[in-house]
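The values are calculated or read from the model by the stated rules, or taken from the named source; none is laboratory data. The model shown is predicted, which means the values in this text are computed figures rather than measured ones. Reconstructed Cβ throughout: ideal geometry from the backbone, glycine too, with neighbour counts over all protein chains shown. Quick note on the areas: whole protein, heavy atoms, side chains included, nothing else; ligands and nucleic acids left out. Shrake-Rupley method; radii C 1.70, N 1.55, O 1.52, S 1.80 Å.
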Amino acid sequence: MRAEDEVIYLDNNSSTRIDPAVLDEMMPFLTSRYGNPSGSHRFGAKVKEATEQAHERVANLLGCQPNEIVFTSGGTESDNTALHSALQMSPERRHVVTTAVEHNAVLNYCEAAGRHGFQVTTVPVDEQGHLDLGELERAIRPETAVVSVMWANNETGVIYPIEEIAEMCRAKGVFFHTDAVQAVGKMSIDLSRLPIHFLSLSGHKLHASKGVGALYVNSKARFQPMMIGGPQEGGRRAGTDNVASIVGLGKAAALAAETLAEENTRVRNLRNRFESTLLAELENVSVNGDRNHRLPNTSNLAFNGTDAQAILVKLDQEGVCCSLGSSCTTGSVQPSHVLRAMHMPNERARSSIRFSFGRYNTEEELERVLEIIPRIVRKLRAL
Ligand code: PLP
């Protein structure tokens with residue numbers, strides 16, 4: 001096993017390294033500042049000030065109000081809570097609209113709702129990973145309670161036209177939720193201009209810790225909590241706050257707001273150079289998903305005629321970390337549901353690998369992987 005710092009980590013859509021500045025801000029809340037922010041003493045009140053600042057920082061990144069941020073245990077809980085709330089608040093409406101490329105946190109929730117008598121329409125995508133907005137619009141019926149469409153896909157990076165979809169949902173009078181777990185921190189978002197009811201994000205995708213996330217709840221949206229208990233988070237998410245992680249997520253949001261434009265340009269350049277070099281050096285490599293409407297950090301490549309799993313094993317031996325589709329489905333031999341939804345032949349899907357760049361990737365690492373990957377692929381193809 002290599003030392004962690006010898007690894008070339010190209011799996012940032014799966015999880016990211018905690019920024020040292022985030023960890024610094026978290027540490028006091030894991031040691032000396034252990035008071036309960038709901039406590040009635042000044043020791044607890046000081047902690048409350050820190051969680052309030054975290055609300056402000058996340059709100060600032062998203063262009064919303066601090067009291068519209070509800071901290072959760074992560075992207076999955078945020079997604080589940082948004083859908084749960086929408087279904088609870090429109091009991092007479094028994095229909096949900098989502099897409100075929102959502103994360104399992106949405107898809108499996110919808111499937112479970114289906115088992116409880118809700119109807120679910122799953123809108124397909126085309127070969128590029130795009131939705132047909134006309135089809136989405138036609139899927140919304142008078143009995144639709146909620147539409148859930150991700151902002152950006154975790155596997156391909158394809159970005160969806162959330163502004164238009166939000167407007168469509170507003171016009172039809174249905175709740176709109178977007179899973180922005182992969183978008184937040186990678187593209188600029190301004191909720192002040194958008195009729196979105198709910199937006200999910202996750203700390204560990206933007207250099208905060210795992211097990212913390214947030215749900216944006218538009219102050220005008222009717223809301224029903226999923227976690228029932230104490231009055232935390234304005235009564236919208238019961239349970240003693242995960243203070244250190246919330247403070248860390250606040251700091252991560254502040255860093256993202258500060259560095260977003262610059263970091264995106266740097267990461268996009270790394271990704272583009274990575275892709276163009278591999279496409280030039282190796283035959284039969286293709287990009288999965290619309291290259292022109294993607295997150296700046298994601299490259300999902302099909303090494304046609306080669307088994308992605310075999311490449312992944314070799315890359316792992318050389319200390320390069322990346323993913324077969326979404327890491328939540330890694331281990332399964334089935335091609336990912338996202339690539340399948342894009343009508344990709346099984347053989348191409350099975351030759352596909354997701355590389356996702358991030359804050360800590362360097363030019364030197366890029367040079368190294370651009371030597372390693374062609375060598376491995378040529379060797380495997382020659383077998
Ligand atoms: N939604 C998307 C698009 C994701 O990529 C992920 C994580 O991979 C999640 C939701 C789940 O987030 P979490 O791991 O914080 O529960």
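Going by what's in this entry, would SER73 be described as open to solvent by 50 Å² or more (accessible area, probe 1.4 Å) and within 15 Å of the ligand (Cβ to nearest atom)? Yes, satisfied. Would you point out the residue of the range 55-70, among those that are within 17 Å of the chain's Cα centre (by Cα) and not β-branched (Val, Ile, Thr), that is most open to solvent (accessible area, probe 1.4 Å)? Checking each candidate, the answer is LEU61.
Per the listing GLU102, GLU49, the residue uniquely farther than 30 Å from ARG340 by Cα and acidic (Asp, Glu) is GLU49. Going by the conditions given, is SER38 within 21 Å of ARG236 (Cβ to Cβ) and open to solvent by less than 10 Å² (accessible area, probe 1.4 Å)? No: the conditions fail for SER38. Of the residues making up the range 276-294, just one is within 25 Å of the chain's Cα centre (by Cα) and at positive phi, namely GLY289.
For the range 127-228, the strands (runs of 3 or more DSSP E) that sit wholly inside it and include 1 or more residues that are over 30 Å from ARG359 (Cα atoms) are 144-148, 175-179.
Inspection of the range 130-144 identifies at least one residue that is within 16 Å of the ligand (Cβ to nearest atom) and within 30 Å of GLU275 (Cβ to Cβ). Would you call VAL106 open to solvent by less than 50 Å² (accessible area, probe 1.4 Å) and touching an Asp or Glu at 6+ places or on another chain (Cβ under 6 Å)? Judged against the criteria, VAL106 is a match. Take the conditions in contact (Cβ under 8 Å) with a residue 24 or more places away in the chain and open to solvent by 80 Å² or more (accessible area, probe 1.4 Å) and apply them to GLU363. Does it pass? Criteria met by GLU363. Scanning the range 229-248 for residues that are more than 16 Å from the ligand (Cβ to nearest atom), part of a helix (DSSP H, G or I) and either in contact (Cβ under 8 Å) with a residue 12 or more places away in the chain or of a type in the set (A, V, I, L, M, F, W, C) (or both) returns GLN232, GLU233, GLY234, VAL243, ALA244, VAL247. There is no residue in the range 281-296 that is open to solvent by 40 Å² or more (accessible area, probe 1.4 Å), at pLDDT below 95 and in a helix (DSSP H, G or I).
Per-residue answers, yes or no, for (1) at pLDDT below 95; (2) more than 23 Å from HIS204 (Cα to Cα); (3) in contact with a helix residue (DSSP H, G or I) (Cβ under 7 Å, 6 or more places away or on another chain):
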{"site": "GLU25", "(1), (2), (3)": "no, no, yes"}
{"site": "SER32", "(1), (2), (3)": "no, yes, no"}
{"site": "HIS41", "(1), (2), (3)": "yes, yes, no"}
{"site": "GLN53", "(1), (2), (3)": "no, no, yes"}
{"site": "GLU56", "(1), (2), (3)": "no, no, yes"}
{"site": "LEU61", "(1), (2), (3)": "no, no, yes"}
{"site": "PRO66", "(1), (2), (3)": "no, no, yes"}
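For the range 158-212, which positions are of a type in the set (A, V, I, L, M) and more than 14 Å from the ligand (Cβ to nearest atom)? Once the filter is applied, which keeps residues that are of a type in the set (A, V, I, L, M) and more than 14 Å from the ligand (Cβ to nearest atom), the range 158-212 yields ILE165, ALA166, MET168, ALA171, VAL174, ILE189, LEU191, LEU194, ILE196. Output the residues belonging to the range 309-341 that are open to solvent by 10 Å² or more (accessible area, probe 1.4 Å), modelled with pLDDT of 90 or more and within 27 Å of GLU6 (Cβ to Cβ). Passing the criteria: GLN309, ALA310, LEU312, VAL313, LYS314, ASP316, GLN317, GLU318, CYS321, CYS322, LEU324.
If you go through the range 155-166 one residue at a time, do you hit one that is closer than 27 Å to VAL101 by Cβ, more than 19 Å from the chain's Cα centre (by Cα), open to solvent by less than 20 Å² (accessible area, probe 1.4 Å) and not charged (D, E, K, R)? Taking every residue of the range 155-166 in turn, none turns out to be closer than 27 Å to VAL101 by Cβ, more than 19 Å from the chain's Cα centre (by Cα), open to solvent by less than 20 Å² (accessible area, probe 1.4 Å) and not charged (D, E, K, R).
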